[in-house]
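Student: Please read through the structure below; I'll follow up with questions.
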Amino acid sequence: MEGRLLKKLELSLLILRLGVFLVFAMWTLDKFIKPDHAARVFEIFYKIPGLGTISVYVIGILQLVITVAFLLGIAKTWSYGAILVLHGVSTLSSYERYFNPFKTPNLLFFAAWPMLSACFVLFYLRSYDTLWTIDILNNKKQR
């Protein structure tokens with residue numbers, strides 16, 4: 001790939017990664033700052049009732065590890081794949097909201113789809129996402 005085009009692609013992927021990280025970072029912080037809210041989200045959207053504070057904290061710690069690995073580009077196949085799967089499940093678990101888009105706040109749920117697209121692009125083009133990454137446990141670049 002031409003050098004200048006590659007630099008543009010790398011910068012674009014970095015910006016996508018930072019944007020996706022920001023959303024996941026906020027969702028992770030929610031688990032520590034408002035564990036009762038996170039527990040309600042798990043009950044309503046994932047049909048997992050009765051999560052206590054400790055359970056939410058454990059989930060938050062796991063999500064924090066994945067999110068930081070994603071931010072730093074560590075083990076991209078696994079960390080980018082995990083982010084894609086986590087957001088895919090999150091997007092699909094809100095399916096009832098898509099059937100009635102103009103009932104407040106359902107329209108906001110449609111923002112999940114462009115982010116899911118960004119997660120897919122980052123996973124699919126992970127070997128080109130090299131700016132500000134740590135090359136630990138990453139597959140060899142297959143360009």
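Where a number appears in this text, it was derived from the coordinates with a stated rule and is not lab data. Quick caveat: nothing in here was measured; it's all calculated off a predicted structure. Glycine also receives a Cβ, built like all others from the backbone with ideal geometry; neighbour counts cover every protein chain displayed.
Student: Magnitude of the Cβ-charge dipole of the chain, K/R +1 and D/E -1, about the Cα centre, nearest 20 debye?
Tutor: Taking the Cα centre of the chain as origin, the dipole is about 320 debye.
Student: Set the Förster distance to 30 Å, then compute FRET efficiency between I33 and V85 from the Cβ-Cβ distance, nearest 0.05.
Tutor: 0.75
Student: Sticking with this structure for a sec: What net charge do the residues around Y80 carry, taking every other residue with its C-beta under 9 Å from that of Y80, with Lys and Arg at +1 and Asp and Glu at -1?
Tutor: Net local charge, Y80 excluded: +2.
Student: Helix check for the chain. Which DSSP H runs span at least 27 Å along their own axis by Cα, with a mean Kyte-Doolittle hydropathy no less than 0.5?
Tutor: 3-33, 53-72
Student: OK, next. Taking Cα pairs under 8 Å and at least six residues apart, what relative contact order does the chain come out at, in percent?
Tutor: For the chain, the relative contact order is 30 percent.
Student: Of H37, H87, how do they rank once you tally other Cβ atoms within 10 Å and put the fewest first?
Tutor: H37, H87
Student: Eight or more residues apart or on different chains, and alpha-carbon atoms under 25 Å: count the Lys pairs in the chain matching that.
Tutor: So the count works out to 12.
Student: Now for a separate question. Please order D129, D30 by the number of other Cβ within 10 Å, starting at the fewest.
Tutor: The most exposed by this proxy come first: D30, D129.
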